[in-house]
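Enquirer: Handing you a structure now.
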There are 2 protein chains.
Amino acid sequence: MVKMSDVALKANVSTATVSRVLHSPETVKEQTRQKVLNAIKELNYQPNILARQLRKNETKTILVVVPNIMNTVFLGIIEGIEAEASKNQYKVLLGNTNNDVKKEYGLIDLLKQKQTDGMILFSARLEEDILHELSEQYPIVLTADFIDGLKVPTVSIDNISSSRKAVLHLISLGHTRIAHISGPLSNSSARDRFKGYEQALYQHSMEVGSMLVQEGDYSLESGYNQMRKLLALEKMPTAVFAANDEMAIGAIKAAKEHGLNIPQDLAIVGFDNIHFSSIFEPRLTTIAQPLFKMGQLSMKLLLAQINGSVSEKTQYILESELIIRDSCGGKE
Amino acid sequence: MVKMSDVALKANVSTATVSRVLHSPETVKEQTRQKVLNAIKELNYQPNILARQLRKNETKTILVVVPNIMNTVFLGIIEGIEAEASKNQYKVLLGNTNNDVKKEYGLIDLLKQKQTDGMILFSARLEEDILHELSEQYPIVLTADFIDGLKVPTVSIDNISSSRKAVLHLISLGHTRIAHISGPLSNSSARDRFKGYEQALYQHSMEVGSMLVQEGDYSLESGYNQMRKLLALEKMPTAVFAANDEMAIGAIKAAKEHGLNIPQDLAIVGFDNIHFSSIFEPRLTTIAQPLFKMGQLSMKLLLAQINGSVSEKTQYILESELIIRDSCGGKE
DNA sequence: ATGAAAGCGCTAACAC
DNA sequence: GTGTTAGCGCTTTCAT
């Protein structure tokens, strides 16, 4: 391993000068600089970043904590994070918790041990106090998930208004018996999507029938199963809003099996705009989150914190978009 | 930041002893160890890993270079890598190249700068010489892709025999006019899948008609477009083998639009067994790669290299599996 | 414009 | 069983 002192020796200068050539070349006389540059080239010198990091106490690395790598929604955000990070010469460390809170705590040690300069969390399942405390000591951003009043910089969409928008769309198409297949209600986003559903109904003085709301777990199977419950109802709904696309697809499968035509007999709206929502038949009407942008913004906010600026605004809400396709009959 | 010397002071021992308590507690007298442990707890000491890394010249971090984060096939492998890595207290750094070879070269610097202990590549698009040279200097494993004769440890399936298996399945169902929608032939896996197709036909003394082979680019759209070409043929194929599921789905869409029923009028086999292949209608018959296992094995091989063992066998071929579903009519 | 030297926090060889 | 001490390779202050 050729090191800085080797370069210094070869160029007949001190290591300080080599270091200067690397970081503030303008402070070094042209001639000296050339000598050093040549030596670097000849020796094929690669600085040892570890040493620099120790000296400067920074790693140029951030940690992304994901509950589940295989979730394409998270991946869209990670893509944005990665793009912004590499633009700023930051690396991203991937921490997959597999929905295991213990693993989450383990990953936090990376922060404490100064192995990463900051952390982006995809879910707020740590105890709130701990999260607050951490956030005071280290740069942290929460994305995709949202907790009201949480004093941790957060990037998300407004799940309530987004799902309200989805349900209002159904109402505008004339539906009056609208069911909801929710996500797991232990999850704050799932609760918010449920709230949006309620708000849309209230707004039109419709009742929220308890039978019309079934709790799923975001899996296709749960969409299928909950839909079957809805299909067994005496008064079947004419439309259903599913809290994510996977469940919407599961619901459609159940409805088709039941002999129903989508959207003629039953309208369905999903949430997330996953890749397959436009491939599946019927193509799904759904809510799209600006995933890449969310990732970018999260990373920007994290960098701002790392660089010492304390921003006032802690919760950033990005706009979602209702994508109208075929699963609820379009605008007639 | 409380450091080791603080702990040493508090416990009335030397830093060496503190270090020992942390790494080989059995060499320290019970009583002393307790003193140190207490001091650590009281001061809430977190070791500075950066310093340790500098000293030991290891990072306990490996780099994964992916052409495209959003590809679920790669993700399945990453999941396996991550699991094995964290089991061994290794962290994984994510490098997304977005199919940009320049970015790939950039990421290699992380290796050279000792910022990661090793690297797992998902595609062999670097020049072979460079790859070899790197592989001699640093721990490297190639996965998902395969280049014949490459002297870099590789984990993959046998694309040739896998696709031969797929096509033989079609032949066993009585098909004699079997078309192939290939991946981009600049890609070695795509070439291998093509070869397997040829071999299956040769094996049954069938001709490989040039019109029956269309080159796609692994995208759904290309599957759709190439299928339309096949549908326009005078003598239409009765079966098609697509080099991946996305193209298979595109092909099915084109066929359906053309008024064909799958599998009655046309049998289709895909490759990859992506999540959606079992959801789409008809459910896709396809080849499944053992992604998680591939990831695990890749990481194991990398760790072996990092820990200095030089294994003989450089190319590891795992078994793929033909998953028979509905898109080609099952075994009749 | 350049060099000398201290030190980032830790580990490990050596000494006792 | 424990302490002393010399670095790991770099950055940066201070002096010249």
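The values are calculated or read from the model by the stated rules, or taken from the named source; none is laboratory data. In this text the structure is predicted, and so the values were computed from the model without any measurement. For neighbour counting, all protein chains shown are included, and Cβ atoms are generated from backbone atoms with ideal geometry for every residue, glycine included.
Enquirer: Which residues, counting only those in region B:194-233, are at pLDDT below 95 and either in contact with a Cys (Cβ under 9 Å, 6 or more places away or on another chain) or in a helix (DSSP H, G or I) (or both)?
Expert: Across region B:194-233, the qualifying residues are B:S210, B:M211.
Enquirer: Now for a different question. Please report, ordered by residue number, the strands (runs of 3 or more DSSP E) entirely within region A:103-178 with at least 1 residues that are within 14 Å of chain B (Cβ to nearest Cβ), touching a Pro at 6+ places or on another chain (Cβ under 8 Å) and in contact (Cβ under 8 Å) with a residue 24 or more places away in the chain.
Expert: So the answer is A:118-121.
Enquirer: Would you check which residues across region B:28-42 are surrounded by fewer than 14 Cβ atoms within 10 Å (Cβ to Cβ) and either more than 43 Å from the chain's Cα centre (by Cα) or near DNA strand C (Cβ under 10 Å from one of its atoms) (or both) and list them?
Expert: Looking only at region B:28-42, we keep the residues that are surrounded by fewer than 14 Cβ atoms within 10 Å (Cβ to Cβ), and these are B:29-31, B:34, B:38, B:41-42.
Residues satisfying the conditions are B:K29, B:E30, B:Q31, B:Q34, B:N38, B:E42.
Enquirer: Moving to a separate point now. From the list A:S219, A:S278, A:S298, which residue is in contact (Cβ under 8 Å) with a residue 24 or more places away in the chain, surrounded by fewer than 21 Cβ atoms within 10 Å (Cβ to Cβ), among the hydroxyl-bearing types (S, T, Y) and in contact with a helix residue (DSSP H, G or I) (Cβ under 9 Å, 6 or more places away or on another chain)?
Expert: One residue alone meets the criteria, A:S219.
Enquirer: Counting just the residues of region A:76-88 that are in contact (Cβ under 8 Å) with a residue 12 or more places away in the chain and within 10 Å of chain B (Cβ to nearest Cβ), which one comes out surrounded by the fewest Cβ atoms within 10 Å (Cβ to Cβ)?
Expert: Here is the first cut: in region A:76-88, the residues in contact (Cβ under 8 Å) with a residue 12 or more places away in the chain are A:76-85, A:88.
Checking which are within 10 Å of chain B (Cβ to nearest Cβ) leaves us with A:76, A:78-79, A:81-83, A:85.
Values: A:G76: 24, A:I78: 28, A:E79: 19, A:I81: 27, A:E82: 25, A:A83: 16, A:A85: 25.
So the residue we want is A:A83.
Enquirer: Determine whether region A:56-67 contains at least one residue that is within 13 Å of DNA strand C (Cβ to nearest atom), in a helix (DSSP H, G or I), more than 9 Å from every other protein chain (Cβ to nearest Cβ) and at pLDDT 95 or above.
Expert: For region A:56-67, residues within 13 Å of DNA strand C (Cβ to nearest atom), in a helix (DSSP H, G or I), more than 9 Å from every other protein chain (Cβ to nearest Cβ) and at pLDDT 95 or above: absent.
Enquirer: Quick one: count up the residues across region B:1-26 that are touching a residue at least 24 places away in the same chain (Cβ under 8 Å) and either in a loop (DSSP other than H, G, I, E, B) or under 44 Å from the mean Cα position of the chain (by Cα) (or both).
Expert: Summing the residues that are touching a residue at least 24 places away in the same chain (Cβ under 8 Å) and either in a loop (DSSP other than H, G, I, E, B) or under 44 Å from the mean Cα position of the chain (by Cα) (or both) in region B:1-26 gives 5.
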